[in-house]
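Please read the structure below before turning to the comments.
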Amino acid sequence: MTAQQLYKRYMAAFNEWITHSTGCTCTAEAPCETGVPLFERLSRLQAAWTHHLTQQQRR
Ligand SMILES: [Zn+2]
């Protein structure tokens, strides 16, 4: 996966989570049943993106 693809997926997951949590009572600390997989995906992509940025800085 390229950095651009990763970033796109990260942003898509972020928007999905924001869209859901805006119309829902769930929060990052206590997501609802629907929110859990969305938030987990966002967390994973966020970690991958942060890792990518860290790798770039070391170069
Ligand atoms: Zn929810």
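Each reported figure results from applying straightforward, stated rules to the coordinates on display, with no laboratory input. It should be emphasised that the depicted structure is a prediction, and the values quoted were computed from it without experimental measurement. Glycine also receives a Cβ, built like all others from the backbone with ideal geometry; neighbour counts cover every protein chain displayed.
Annotations for the structure displayed:
- Degrees, to the nearest 10: 3-22 long Cα axis against longest axis of the chain: 20
- Linear extension gain, Leu6 paired with Thr27, 0.36 nm per residue minus alpha-carbon span: 5.1 nm
- In loop segments of the chain as defined by DSSP, the GluC sites (Glu not before Pro) with at most 15 further C-beta atoms inside 10 Å of their C-beta are Glu29, Glu33.
- Seen from all directions on average, the chain presents a Cα convex hull projection of 4.3 nm².
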